[in-house]
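These notes are about the structure you will find just below.
The values are calculated or read from the model by the stated rules, or taken from the named source; none is laboratory data. Since we're looking at a predicted model, the values are computed, not measured. Note that we place each Cβ from the backbone using ideal geometry, even for glycine, and neighbour counts take in every protein chain shown. Surface areas here come from the heavy atoms of the whole protein model, side chains and all, with no ligands, DNA or RNA. Shrake-Rupley method; radii C 1.70, N 1.55, O 1.52, S 1.80 Å.
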Amino acid sequence: MRRHSQGIRSFFSLIRDEYRAIFSDAGAVLILVLALLIYTTLYSAAYAPQVLRNVPIGVIDKCNTAASRALIRTFDAGPNTYTAYEPSDMDQAQELFFARKIYGIVYIPENYERQLASGSQAVVSIYADASYFLVYRQVFQELVTGIGRTGAAVEYGRLLAKGASAPSAQAITQPVIYRSHNLYNPYLGYGSFVMPAIIMVIIQQTLLIGIGLVGGTRRETGYFARLARDPHHPSPFVLLWAKTVAYASIYALTSLYVLSLHYKLFHYPMNGTTAAVIIFTSIYVLACIFAAIAVSTLFRRRENALMLLLWTSIPILMLSGASFPEQGIPGWLYNVGRIFPSSSGVRGFIRIQTMGASLRDVWPEIRMLLWLLIAYGALACIGIRCAMRRDGRE
């Protein structure tokens, strides 16, 4: 009984020692405690408008008739674009385009109204900036919709002039009426699309860098050497779990804020059950902590963590299949990305929190995280043992 109570006291002493190492290091506090809150707030504030609106375009109206003016008004009718300039020719329009004053050009030819009146096909040229995908989508979609609406109105009037009834003319000009339902992201907001994935990657990266900093500092100050000289030193397994409890308790608080109050503040979709979100996030955070502890045993200096891990954030986000569909990623490269907890974590979390999936629906992701948890836990124990032996000899 005495040995059992002594073991418990020793375990809590290791936890306190880990807290002391974290909160006595300003860099570790910044990354492990504040970075998740700062990054999620900054990214969410940047994406707060969600949808791109009022993109300026230029219209070259060579026809300058009532028909062409009616077409221009359709471009201004929607929320996505507005006619900011009406250049006289293409050279002037190009100057405005390259000066980034407009992001699309519409060229209406001189014979536009004459072609409409004669019943022949009128041609309107569209030049849209495809270097920004969101801008391109808004400009191209709004302009094509306006031109299509104008064409349908012209055909509708022509059929009425020929004696067709209004219902028949409407059925001919619009034979199919569709109803669009945007699932899980009804406003097509970019923030609602990308932030769940970014949050999962931020959790992983801050843990990797923060624990790497603490681990590098431990090696610099001879922490593992002192443990190796202690005849009653804890086993690597006990030390691993003491570290895990310290880091998990910190991320339990910060993640609770991000996944509840922060989500509500920025109106991100919250379709998953509370139990499913907590269970899945807990497994994910544990896998990230074990991976970070395993990697931290490789660092002999604190700066090594920043040098090695900072550049990996963008590739890890891309390999997760969130910013670019996994169907477009080479199979071998996508499988390489699965060694990171974020790949399974991003997919599973989006399906639960955004799409309302159950734990059973994301069981493949949970199973992969559990395998990673076991693998990285074993590697962390081996790394701690090797660090104690190597530093003890030195």
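Whether any residue in the range 371-383 is at pLDDT below 90, small (Gly, Ala, Ser), more than 30 Å from Pro186 (Cα to Cα) and in contact with a helix residue (DSSP H, G or I) (Cβ under 9 Å, 6 or more places away or on another chain) is what I want to check. Yes, because at least one residue in the range 371-383 is at pLDDT below 90, small (Gly, Ala, Ser), more than 30 Å from Pro186 (Cα to Cα) and in contact with a helix residue (DSSP H, G or I) (Cβ under 9 Å, 6 or more places away or on another chain). Of all the criteria given as (1) open to solvent by less than 20 Å² (accessible area, probe 1.4 Å); (2) under 24 Å from Ala378 (Cβ atoms), the one not satisfied by Val258 is (2). If you go through the range 353-389 and keep only what is under 30 Å from Arg229 (Cα atoms), of a type outside the set (Val, Ile, Thr) and without any contact (Cβ under 8 Å) to a residue 40 or more places away in the chain, you end up with Ala375, Ala378. Can you find a residue in the range 228-235 that is open to solvent by less than 10 Å² (accessible area, probe 1.4 Å) and of a type outside the set (Val, Ile, Thr)? Within the range 228-235 (the criterion being open to solvent by less than 10 Å² (accessible area, probe 1.4 Å) and of a type outside the set (Val, Ile, Thr)), the answer is no, since none of the residues qualifies. Within the range 212-222, if we keep just the residues that are in contact with an Asp or Glu (Cβ under 8 Å, 6 or more places away or on another chain) and not small (Gly, Ala, Ser), the residue that is farthest from Leu306 (Cα to Cα) turns out to be Arg219. Pairs are defined by a Cβ separation below 7 Å, a sequence spacing of at least 6 or placement on different chains, a first member in the range 31-53 that is in contact (Cβ under 8 Å) with a residue 24 or more places away in the chain, and a second member that is of a type outside the set (Phe, Trp, Tyr) and in a loop (DSSP other than H, G, I, E, B); the pairs so defined are Gln50/Gly189; Val51/Leu188; Val51/Gly189; Arg53/Pro79; Arg53/Asn80. Got a number for residues in the range 136-176 being more than 30 Å from Lys101 (Cα to Cα), part of a helix (DSSP H, G or I) and of a type in the set (Ser, Thr, Tyr)? Looking only at that region, the number is 3. Are any residues in the range 335-367 buried (at least 17 other Cβ atoms within 10 Å of the Cβ) and more than 21 Å from the chain's Cα centre (by Cα), and if so, which ones? Answer for the range 335-367, where residues must be buried (at least 17 other Cβ atoms within 10 Å of the Cβ) and more than 21 Å from the chain's Cα centre (by Cα): just Leu359. Name, by its number, the condition in (1) over 30 Å from Met307 (Cα atoms); (2) open to solvent by 60 Å² or more (accessible area, probe 1.4 Å); (3) out of contact with any Leu (no Cβ under 7 Å at 6 or more places or on another chain) that does not hold for Ser168. That leaves (2) as the condition not met. Scanning the range 181-197 for residues that are surrounded by fewer than 21 Cβ atoms within 10 Å (Cβ to Cβ) and either over 22 Å from Arg137 (Cα atoms) or more than 13 Å from the chain's Cα centre (by Cα) (or both) yields His181, Asn182, Leu183, Tyr184, Asn185, Pro186, Tyr187, Leu188. Which members of the range 28-86 meet the condition of being buried (at least 20 other Cβ atoms within 10 Å of the Cβ), over 30 Å from Ala117 (Cα atoms) and touching a strand residue (DSSP E or B) at 6+ places or on another chain (Cβ under 9 Å)? Across the range 28-86, the qualifying residue is only Val55. Among the residues of the range 117-135, which ones are of a type in the set (A, V, I, L, M, F, W, C) and in a strand (DSSP E or B)? Across the range 117-135, the qualifying residues are Ile126, Ala128. In the range 269-328, counting only helices (runs of 4 or more DSSP H) that sit wholly within it, the ones holding 3 or more residues that are more than 17 Å from Ile31 (Cα to Cα) and open to solvent by less than 10 Å² (accessible area, probe 1.4 Å) span 274-296.
Cβ-Cβ distances below 7 Å connect the following pairs, each with a first residue in the range 174-193 that is within 14 Å of Gln353 (Cα to Cα) and without any contact (Cβ under 8 Å) to a residue 12 or more places away in the chain, a second residue that is polar (S, T, N, Q) and in a loop (DSSP other than H, G, I, E, B), and a separation of six or more residues or different chains: Phe193/Asn185.
Put simply, of Ser296, Ser282 the only residue that is among the polar types (S, T, N, Q) and over 23 Å from the mean Cα position of the chain (by Cα) is Ser296. Kindly provide the set of residues from the range 117-143 that are open to solvent by less than 60 Å² (accessible area, probe 1.4 Å), under 24 Å from the mean Cα position of the chain (by Cα) and in contact (Cβ under 8 Å) with a residue 24 or more places away in the chain, ordered by number. Across the range 117-143, the qualifying residues are Asp129, Val135, Gln138, Val139.
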